[in-house]
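A.B. asks: Supplied in structure tokens, the structure appears directly below.
The values are calculated or read from the model by the stated rules, or taken from the named source; none is laboratory data. The shown structure was predicted, so the numbers you read here are calculated from the model rather than taken from an experiment. Note that we place each Cβ from the backbone using ideal geometry, even for glycine, and neighbour counts take in every protein chain shown. Surface accessibility is based on the protein's heavy atoms, side chains included, excluding ligands, DNA and RNA. Shrake-Rupley method; radii C 1.70, N 1.55, O 1.52, S 1.80 Å.
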Amino acid sequence: MNVIHLISNKVWGGGERYALDLCRALAADGHNVKAYTRNKAAVRDVFAREGMLAGTLRMGGAWDFMTPIRLASAIRRLPGATVIHVHNFKDAYTALAARRLCKDRDDIRVVATRHLVRAAKTDVSHLRIYNGLDAIIFVSDTARRKFLSTLPEVDASRLHVVPNSVDIGPRERHAPVDTPLRLIYTGRLAAEKGIDVLLDALRRIGSGSQWTLDIFGTGSGKYVLPLMSMCKREFPDGRVHWFGYSNDVPAALANADVAVILSRAPEAFGLAILEAFSQGTAVVSTDSGAQTEIIDDGRNGLIVPAGDPEALAAAIRRLLDDNTLRRRLAQAGLESYRNEYGYDRFYNRILSIYNGRPQ
């Protein structure tokens, strides 16, 4: 099978990670897989390093007439069935237009993954796109329900919920016993991701408690620099460490006790939770989206209200005071990853959709 991923985002994020992991798995399974990105280094260069980049395309949406022509030309050179997998509806327009140009081919399927919690648009052009797709994959039921909240006229048989996964193995754990609680934040540093709420919560806990915080991620100086200044003022002992970008987040998680994942905005899934689960790291997260589908509060993690530093401080205090609870949450999270969110299960469900026989 030929599989083409269209990835038009300018920056790296969860959707790009999802596509890259799928490309790797498909290639390892013997499929001919390539990705087209825009000419933006943050995404283009990652796929190029992996040997997955077929080229760059403008991918400008409905008013971009050249991209469908170029894509159709590439598809005509591929022998056998082809799947075009897109990651937003703007690129679905491009993929469907390219398929129409391949009039002599009846073996081209177009599928889309919805990575956002956002209502469907109900104008004629969007309904034509939704119903032109062979399948729409939602990464959570939260995302599916929000999409359907506007009651779009969409063929329900095309809609599938396939929970996300991450294709990583466990690293050797190095989190020492009987030392300060090692907290970790991984991800983009932006207001909607809530790192400021975490720092406010730690300020409320104070320096008298035994904890450290490792922060992995990058963001705009306008947002990050005031937070770094606040840390120097509130925590002069240097217990908050800013590491910037990491190319091995699992190894960082394996060195931590608790991952704190605090999005204010509705999350369609939350790959960071699975990354922590996979490394046996306990998780504290918010109730702002599909996190509550993944975390059963008190069993495999803790849930706090989004944007509430006092509630977050209380959750961290629980884990500071109760090592047994923290270890129980971490073990349950690891079991959730293995039993419910393993990559093989995810991959097989995606492949069944590609083949037109969804599980």
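A.B. asks: Report, by residue number, each residue of the stretch 322-354 that is in a loop (DSSP other than H, G, I, E, B) and without any contact (Cβ under 8 Å) to a residue 12 or more places away in the chain. Talk me through it step by step, then tell me what you get.
C.D. replies: So in the stretch 322-354, the residues in a loop (DSSP other than H, G, I, E, B) come out as 322, 341-342.
Answer for the stretch 322-354, where residues must be in a loop (DSSP other than H, G, I, E, B) and without any contact (Cβ under 8 Å) to a residue 12 or more places away in the chain: just 322.
A.B. asks: Of these, 196, 237, 200, 214, which one is touching a residue at least 12 places away in the same chain (Cβ under 8 Å), out of contact with any strand residue (DSSP E or B) (no Cβ under 7 Å at 6 or more places or on another chain) and more than 18 Å from residue 313 (Cβ to Cβ)? Walk me through how you get there before you give the answer.
C.D. replies: On the way: 196 fails: more than 18 Å from residue 313 (Cβ to Cβ); 200 fails: more than 18 Å from residue 313 (Cβ to Cβ); 214 fails: out of contact with any strand residue (DSSP E or B) (no Cβ under 7 Å at 6 or more places or on another chain).
Every option except 237 fails the conditions.
A.B. asks: State whether one or more residues within the stretch 227-246 are surrounded by 11 or more Cβ atoms within 10 Å (Cβ to Cβ), modelled with pLDDT under 95 and closer than 16 Å to residue 283 by Cβ.
C.D. replies: no
A.B. asks: Collect the residues in the stretch 75-111 that are over 15 Å from residue 132 (Cα atoms), open to solvent by 10 Å² or more (accessible area, probe 1.4 Å) and in a helix (DSSP H, G or I), keeping them in residue-number order.
C.D. replies: Listed by number, the list holds a single entry, 76.
A.B. asks: While we're looking at this one, here's another question. So which of 338, 357, 317, 345 ends up being of a type in the set (Lys, Arg) and under 22 Å from residue 200 (Cα atoms)?
C.D. replies: Working: 338 fails: under 22 Å from residue 200 (Cα atoms); 357 fails: under 22 Å from residue 200 (Cα atoms); 345 fails: under 22 Å from residue 200 (Cα atoms).
Of 338, 357, 317, 345, the one residue that is of a type in the set (Lys, Arg) and under 22 Å from residue 200 (Cα atoms) is 317.
A.B. asks: Kindly evaluate residue 188 against the criterion of being closer than 29 Å to residue 327 by Cα, in contact with an Asp or Glu (Cβ under 6 Å, 6 or more places away or on another chain) and open to solvent by 60 Å² or more (accessible area, probe 1.4 Å). Explain how you work it out, then say what you get.
C.D. replies: On the way: closer than 29 Å to residue 327 by Cα: yes; in contact with an Asp or Glu (Cβ under 6 Å, 6 or more places away or on another chain): no; open to solvent by 60 Å² or more (accessible area, probe 1.4 Å): yes.
When the stated conditions are applied, residue 188 does not pass them.
A.B. asks: Tell me, which residue of the stretch 136-155 that is assigned to a helix (DSSP H, G or I) and farther than 22 Å from residue 347 by Cα is least open to solvent (accessible area, probe 1.4 Å)? Can you show your working first?
C.D. replies: Our first condition is that a residue be assigned to a helix (DSSP H, G or I); within the stretch 136-155, this holds for 141-148.
Cutting the leftovers down to farther than 22 Å from residue 347 by Cα gives us 145-148.
Working: 145: 127, 146: 89, 147: 0, 148: 51 Å².
Ranking the qualifying residues of the stretch 136-155, first place goes to 147.
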